[in-house]
Amino acid sequence: MSHALNDETAVAVAAKPKLSPKAKAALSEGKKAERRLGLLLCAPAILIMAAVAGWPIIYSIWLSLQRYDLKFPDRTEFVGLDNYITVLSNPYWWNAMWVTVLITVVSVAIELVLGMALALIMHRTLVGRGIVRTSTLIPYGIVTVVAAFSWRYAWTPGTGYLAETVAGGDPVLTEKLPAIMVVTLAEIWKTTPFMALLLMAGLALVPEDLLKAAAMDGATAWQRFTKVMVPVMKPAILVALLFRTLDAFRIFDNLFVLTAGSQGTSSVSMLTYNNLIKGLNLGIGSTMSVLIFIAVAIIAFVFVKLFGTAAPGSDGGGRR
Amino acid sequence: MAEIVLDSVTKQYPDGAVAVRDVDIEIADGEFIILVGPSGCGKSTTLNMIAGLEDITSGELRIGGERVNERAPKDRDIAMVFQSYALYPHMTVKENMAFPLRLAKVDDATVEKKVRDAAEILDLTQHLDRKPSNLSGGQRQRVAMGRAIVRSPKAFLMDEPLSNLDAKLRVQMRTSVSRLQKQLGTTTVYVTHDQTEAMTLGDRVVVMRGGAVQQIGAPQFLYDNPANLFVAGFIGSPAMNFVPAALEDGTLRSALGDVPLTDRVRGLLEGTEAPREVIMGLRPEHFEDARLVEDHVRSTGATFTNQVDVLESMGSDKFAYFSLSGEQATSAELAELAADAGSADVPGGGVSLVARISATSTAVVGEPAEIWFDADKVQLFDPNNGRNLTYRG
């Protein structure tokens, strides 16, 4: 076997010098043309991305380096990193940051557990599979603002059934921690189906034979889940967690409707909106949005580099 | 180690489809038994029922004398090797093989020793720290075997363990599976659709068709004494030749000419109510180039002359293919065999016949050749129910 291989390589080596340098040049010429064509084909997409994503990012970074308040347009000037110092030394910003992190961590953690349970149910149901899957997805299909209003009415004392039964008539949305809990609950209700959907796709990646083999090897149902299913579908779990963490970190609409950021329940997005749109302070608002951008980038980096999440679109690169 | 007994085991799905019907098999302790048949014959379902991966609808399954119908797979103490190998991709070879021991809460030192021993037997020692994705097909197959043997279970179940390997490696692994089984002496149930594997590996072979057992026996016995057309056509490669024939006054009339029944065949036919129309079965090796047959042998058989369609030289001998005029033999069993082989829709009128003749034969393609065959080796089948009329059980 190896002998035959050696002979083959010997033949290949002997044949190589016969290739004229001209043919080689022609080959690389063809490669070049191919590469040019590739770039040309990508160009429209790159231009559009640069226009709709690249430019706003650069512009907001530029704005964040200036004192720029539309209420005092005459006092606009370049101030370097002053805005960053102002924001990062501000207790409102840090409060909003902790609220955001709290909502993100709690909601994503609970969503992972519930989503996994739902995914398993959807994966395993044999009867009425369509109905089970459709009904699970209903919350995700409802417009967030509409759902948020429903939650608000439900938690309003006097009119809401949840306020009367669960909260005993207390106006929960007027206190910081209970309000955050309500917002988190609304967030979980709304996006668990999305998590479940991503996890279900991951479950489909676990070969049936693997679970059978584990059963034969003596694993209980729980051991099959923890020792085989979860490790095998880890890439899918990480992608689901990444998507949901990034999403949850930017929480805005549920908060906007439920508390409007009162009682110190603002998230970073809410605070940015208040400064930028309500306060017309382009400098501070842009600084905050750049900081959110950096936070999101760090989350993505941690997931992709540290946990080895396969970046969406790449082919299982993180699996090694 | 233990014997396995299937006592009229039946599997019926909720939709009413019967996958396995009244299967009775007694597998002795340490025996290597093969379940063979075309796809959909119920062999894998039978294996899964022994494993506990599928429920048994009725009947009883006993392992080591105990009824295990209601036991979960993990409580049956049997190991299984899957066609896909089913290796855990996130574990190294070592972790894969240690997995069943870890689940059984075996202490570390014993795990280490058993994994080392298994790796030694299977020549996997230098691959212990690699992940399955970095192994070749043959190595993965061996890891799957290793995971099964570390536990020293009562029995091994193997579901087409070699069919994902390329042809050369499959032959190689076949012998090592056989050697390993003899070495360990563990009761083994092996499922395959490949009759060559069935013939070469098993102590006994169970031929299945449509959820029912057709015949159980030692490979050579099945080859020499198939109980029916299906077993006759399934076992053997190239397959047995089937030619329609008529029984008249102790003579077989067929496209191969008139052949007087030999005493042996006549004796076997006695007492059976043989119909007038039968299917005559002849193994390829029972033919020979008539020029190479000595005279005193010649009289024990008959000859026919036909044009050679194709001649394949195998080195040790030659396969000669003929097209005879006349109707093809037809029966439900033969139709199913043809469908399984994928030759159901291959055009070709008349009877096709393959003869294994000596390598020294001077037969030429396109020219007529005189072929002798051993009339005493003829097997006769009832075309209505496929039964072997010359069966000697």
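The values are calculated or read from the model by the stated rules, or taken from the named source; none is laboratory data. Fair warning: this is a prediction, and the values are worked out from it, not measured in the lab. For neighbour counting, all protein chains shown are included, and Cβ atoms are generated from backbone atoms with ideal geometry for every residue, glycine included. Only protein heavy atoms, including side chains, enter the accessible area calculation; ligands, DNA and RNA are left aside. Shrake-Rupley method; radii C 1.70, N 1.55, O 1.52, S 1.80 Å.
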>> Can you find a residue that is surrounded by 21 or more Cβ atoms within 10 Å (Cβ to Cβ), modelled with pLDDT of 90 or more and touching a Phe, Trp or Tyr at 6+ places or on another chain (Cβ under 8 Å) anywhere in the range A:165-174?
In response: no
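Based on this model, can you work out whether A:K227 counts as touching a residue at least 12 places away in the same chain (Cβ under 8 Å), assigned to a helix (DSSP H, G or I), at the interface with another protein chain (Cβ under 10 Å from one of its Cβ atoms) and buried (at least 19 other Cβ atoms within 10 Å of the Cβ)? Before you say what the answer is, go through the steps one by one.
Details: touching a residue at least 12 places away in the same chain (Cβ under 8 Å): yes; assigned to a helix (DSSP H, G or I): yes; at the interface with another protein chain (Cβ under 10 Å from one of its Cβ atoms): yes; buried (at least 19 other Cβ atoms within 10 Å of the Cβ): yes.
Yes; evaluated as a whole, the condition is true for this residue.
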> Of the residues A:L205, A:L126, which is in contact (Cβ under 8 Å) with a residue 24 or more places away in the chain, within 14 Å of another protein chain (Cβ to nearest Cβ), surrounded by fewer than 19 Cβ atoms within 10 Å (Cβ to Cβ) and within 30 Å of B:A86 (Cα to Cα)?
Replying inline: A:L205
> Looking at A:L276, is it farther than 23 Å from A:I110 by Cα, over 15 Å from the mean Cα position of the chain (by Cα) and surrounded by fewer than 18 Cβ atoms within 10 Å (Cβ to Cβ)?
Replying inline: no
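Table: residues versus (1) out of contact with any helix residue (DSSP H, G or I) (no Cβ under 9 Å at 6 or more places or on another chain); (2) away from chain A (no Cβ under 13 Å); (3) not in a loop (DSSP other than H, G, I, E, B).
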position	(1), (2), (3)
B:E70	yes, yes, no
B:N96	no, no, yes
B:V106	no, no, no
B:K114	no, yes, yes
B:A118	no, yes, yes
B:R142	no, yes, yes
B:R147	no, no, yes
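Within the range A:41-75, which residues are surrounded by 15 or more Cβ atoms within 10 Å (Cβ to Cβ) and either basic (K, R) or without any contact (Cβ under 8 Å) to a residue 12 or more places away in the chain (or both)?
Here is the first cut: in the range A:41-75, the ones surrounded by 15 or more Cβ atoms within 10 Å (Cβ to Cβ) are A:60, A:63-69.
Matches in the range A:41-75: A:R67 only.
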> Among the residues of the range B:6-59, which ones are assigned to a strand (DSSP E or B) and hydroxyl-bearing (S, T, Y)?
Replying inline: B:S8, B:T10, B:S58
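Can you go through A:A240, A:A236, A:A248, A:A221 and tell me which one is buried (at least 20 other Cβ atoms within 10 Å of the Cβ) and within 14 Å of another protein chain (Cβ to nearest Cβ)? Lay out the reasoning, then the answer.
Values: A:A240 fails: within 14 Å of another protein chain (Cβ to nearest Cβ); A:A248 fails: within 14 Å of another protein chain (Cβ to nearest Cβ); A:A221 fails: buried (at least 20 other Cβ atoms within 10 Å of the Cβ).
After ruling out the rest, the residue left standing is A:A236.
For the range A:250-284, which residues satisfy the criterion of being part of a helix (DSSP H, G or I) and free of Cβ contacts under 8 Å to residues at least 24 places away in the same chain?
So the first thing to find is which residues in the range A:250-284 are part of a helix (DSSP H, G or I), and the list is A:253-258, A:262-264, A:268-278, A:282-284.
Answer for the range A:250-284, where residues must be part of a helix (DSSP H, G or I) and free of Cβ contacts under 8 Å to residues at least 24 places away in the same chain: A:T272, A:Y273, A:N274, A:N275, A:L276, A:I277, A:K278.
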> Quick check: anything in the range B:379-386 modelled with pLDDT under 90 and on the phi > 0 side of the Ramachandran plot?
Replying inline: yes
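Every residue in the range B:219-237 that is among the aliphatic types (A, V, I, L, M) and not in a helix (DSSP H, G or I), please. First the steps, then the outcome.
We begin by selecting, within the range B:219-237, every residue among the aliphatic types (A, V, I, L, M); these are B:222, B:227, B:229, B:231-232, B:235.
Residues satisfying the conditions are B:A227, B:I235.
Filter the range B:278-296 for residues that are touching a residue at least 12 places away in the same chain (Cβ under 8 Å) and over 29 Å from the mean Cα position of the chain (by Cα) and give the result.
Step one: of the range B:278-296, the residues touching a residue at least 12 places away in the same chain (Cβ under 8 Å) are B:278-293.
Across the range B:278-296, the qualifying residues are B:D289, B:A290, B:R291, B:L292, B:V293.
Restricted to the range B:72-94, and to residues that are among the small types (G, A, S) and open to solvent by 20 Å² or more (accessible area, probe 1.4 Å), which residue is farthest from the other protein chains (Cβ to nearest Cβ)? Explain how you work it out, then say what you get.
Going through the range B:72-94, the residues among the small types (G, A, S) turn out to be B:72, B:79, B:84, B:86.
The next check asks that each one be open to solvent by 20 Å² or more (accessible area, probe 1.4 Å); those that pass are B:72, B:84.
Values: B:A72: 7, B:S84: 5 Å.
Top of the filtered list is B:A72.
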> When residues of the range B:350-376 are filtered for being open to solvent by 50 Å² or more (accessible area, probe 1.4 Å) and part of a strand (DSSP E or B), how many remain?
Replying inline: 4
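Can you give me the number of residues within the range B:177-197 that are more than 23 Å from B:T46 (Cα to Cα) and either modelled with pLDDT under 90 or open to solvent by 40 Å² or more (accessible area, probe 1.4 Å) (or both)? Working first, answer last.
Our first condition is that a residue be more than 23 Å from B:T46 (Cα to Cα); within the range B:177-197, this holds for B:179-180, B:182-184.
Still in the list and also either modelled with pLDDT under 90 or open to solvent by 40 Å² or more (accessible area, probe 1.4 Å) (or both): B:179, B:182-184.
Residues that pass the stated criteria total 4.
Can you confirm whether A:P178 is more than 30 Å from A:G283 (Cβ to Cβ), of a type outside the set (S, T, Y), free of Cβ contacts under 8 Å to residues at least 24 places away in the same chain and surrounded by 13 or more Cβ atoms within 10 Å (Cβ to Cβ)?
Working: more than 30 Å from A:G283 (Cβ to Cβ): yes; of a type outside the set (S, T, Y): yes; free of Cβ contacts under 8 Å to residues at least 24 places away in the same chain: yes; surrounded by 13 or more Cβ atoms within 10 Å (Cβ to Cβ): yes.
Spelling it out, A:P178 is indeed more than 30 Å from A:G283 (Cβ to Cβ), of a type outside the set (S, T, Y), free of Cβ contacts under 8 Å to residues at least 24 places away in the same chain and surrounded by 13 or more Cβ atoms within 10 Å (Cβ to Cβ).
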